[in-house]
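K.L.:
Right, I'll just put the structure down here and ask away after.
The values are calculated or read from the model by the stated rules, or taken from the named source; none is laboratory data. Because the structure is predicted, anything quoted here is derived from the model rather than measured. Quick reminder, even Gly has a Cβ in these numbers, built from the backbone with ideal geometry, and neighbours come from all protein chains shown.
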Amino acid sequence: MSTNVTVDHGVGGQPRQHAVGRWTRGFRAFYASLLVAAVVASLLPAVLFQANSRVFMLKIVAVAILASMPGLLYLEFIRFKGNSLYDEYVINLFRLGIDTTANLPAPPEHTDYFNKWRTAHDGLNTKSKDNLYRRKFEAVYGQQAVSTRSLFAEPAARVERSEGFFPVLLATVLLCIGWTLAVQPELFRDFDLLGGLPFSGRPKLPVEALVFGFVGAYWFILQDVIRRYFRDDLKTSAYVSASARIVLVAIVVTTVSLIPAGTPTQQNVLAFFIGIFPNIGVQILKSAVNKVFKGVVPSLESRYPLGELDGLTIWDQARLLEEGVEDLHGLVTANLVDVLLRTRIPIERLVDWLDQALLCLHLPRPDRPDSPRDALRALGIRTATDLRRAWRVDSEDSPHASIVRQQIADALGGARAGIARVEIILQSLEKDASFLHVQAFRRHDWLQKVVR
């Protein structure tokens, strides 16, 4: 595990291995006991309690389980987070050509990058063992997750952890409040905390709509947490976003309820979808205001939204939004190292999105039937790399090269205008740093060596 990267004691590290084995067996026994206790706790109410008490216990257990499930997933995640994350991160830095070999962190010793890195790093003539890219990783996952720690740290040095638990605790409290409002356990229903003091009834809140909005938000949060758990991307930032989503949905649903639209059932369904897509509520409010105050509220739509990319889901879009990537321009100009490190999006998928975004930014939006982007898509060209390869193909390699170029030119406005447009686009791409990183990965030098 990632917590056991310090030096071993004894011959062959046997004492430490035995300690790890005892620690693992202890956790297995704890979980077995916990499972047995859960089964017993579920059966006893059904056998011993009256019908109304069973319902009450069911509600209490439902609130406890549903509110704690996202937090329990985080506790499980940090226990089994291993060093493979760091190895994959460093190897991808080399594949993308992010920096010169000497400036990159030490790759795993079992890869062919290690000897190249050691030769280049020794040429720096420096005694410093610090590295910017490694520090970025440590800031997210902590020092205990760095697999090559023995190359730069003292054996007895104490590792540091990077994240606090407060965001997880805050999100769990908000989820508990939300599920208590939704389930409403009946205990102490007649208990008067205020001692008969009059209640003003202000503000008037749409309780049912708020409940359905919370359920929609919980549906999105749980899906997002589970996906990030399996993608090794479950960090405390996910719980900051979860807390913000719950508060934002409550505000938007309360405000939208002021607009008399539809039956109460329809408003509850709308509140559920606002919990999943808060922008729906904002767009409804904007449309209602524009009927009276035209042009007062600025547009919230991006000219180049992330939704234009193939293979990008609502969870991917929400994940990129956490990192400040709100549209295609933000994706192309983002710090690729930070996006790669923090989002844990598979490198092939991230490179493909970058490749698509580069072409989309250089072509008009597909808002008319004769859009150049749709015309190129009909030819099988969906990324900037596809356009470059199809246009630069040599006639000796392909007898149909001239026909392909003619089709591309026609798709972009005709013979002369199309040729000029393609050349201008390609010249602009050659000076783009993101495109250079995409090309470095697309060359697959590391894969060609294996195939050969």
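K.L.:
Conditions: (1) surrounded by fewer than 11 Cβ atoms within 10 Å (Cβ to Cβ); (2) modelled with pLDDT of 80 or more. E396 meets all but one. Number of the miss?
P.N.:
Checking E396 against (1) surrounded by fewer than 11 Cβ atoms within 10 Å (Cβ to Cβ); (2) modelled with pLDDT of 80 or more, the one that fails is (2).
K.L.:
Please indicate, with yes or no, whether at least one residue in the range 188-208 is at pLDDT 75 or above and assigned to a helix (DSSP H, G or I).
P.N.:
yes
K.L.:
Can you confirm whether G380 is assigned to a helix (DSSP H, G or I) and either at pLDDT below 85 or out of contact with any helix residue (DSSP H, G or I) (no Cβ under 6 Å at 6 or more places or on another chain) (or both)?
P.N.:
Judged against the criteria, G380 is not a match.
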